[in-house]
Amino acid sequence: MDTLQQGGCWNCGRKIDLLDSFCRYCGKGQGSHMPWYYGHFGIIVLTLLAMGPFSLILVWKSPRLGTAARWAYSAAIMLFSWYAFMKLYDLWQAVSSVFSTSLQI
Ligand SMILES: [Zn+2]
């Protein structure tokens, strides 16, 4: 499962030295040099602040998450997206009802 310590790049899969911080072929950071948005913290922050459901891409690309964690994150992100969508919908309805009542006056 965990390809990080086996001398292969998590991104392109080619053999690299265990001590390499960056892949010689695709240039992706390895181990602690891995891009921050593939970590747990990065995925959570990006989901909440920027990407919403699009962070699912990160979840399924990230080499840091196992299969169970991917499903857990996927479920959480979908739930959050749905919740955010409902909140926006409520807000939109509230705003449009304010406009329609003010038009009637
Ligand atoms: Zn690579």
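Coordinate-derived values only; no laboratory data. Since the model is a prediction, treat every value here as computed from it, not as a measurement. Positions of Cβ are backbone-derived with ideal geometry, glycine not excepted, and every protein chain shown enters the neighbour counts.
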Worksheet item: In degrees from 0 to 90, rounded to the nearest 10, what is the angle of the helix 67-104 Cα long axis to the longest principal axis of the chain?
Response: 20
Item to complete: Normalising by the residue count of the chain, find the relative contact order in percent from Cα pairs under 8 Å and 6+ residues apart.
Response: 16
Worksheet entry | Isolated Cys in the chain, by beta carbon distance under 4.7 Å | none
Fill in: Global geometry of the chain, whether rounded, prolate or oblate, following the gyration tensor of its Cα atoms and the 1.5 cut on a/c
prolate
Discussion item. Suppose only helical runs count, i.e. DSSP H with n ≥ 4. What mean residue ellipticity at 222 nm does that imply for the chain under -39500 (n - 2.57) per run, divided by all residues and rounded to the nearest 500 deg cm²/dmol?
Written reply: -16500 deg cm²/dmol
Discussion item. To make sure I understand the rule: partners must be lysines, Cα under 19 Å from the Cα of residue 28, and not fewer than 8 residues away in the same chain. Which ones qualify?
Written reply: 15, 61
Fill in: Estimated vicinal HN-Hα couplings, Hz - the stretch 39-48 in sequence order (Karplus 6.51, -1.76, 1.60; Gly, Pro = x)
x, 4, 4, x, 5, 5, 4, 5, 4, 6
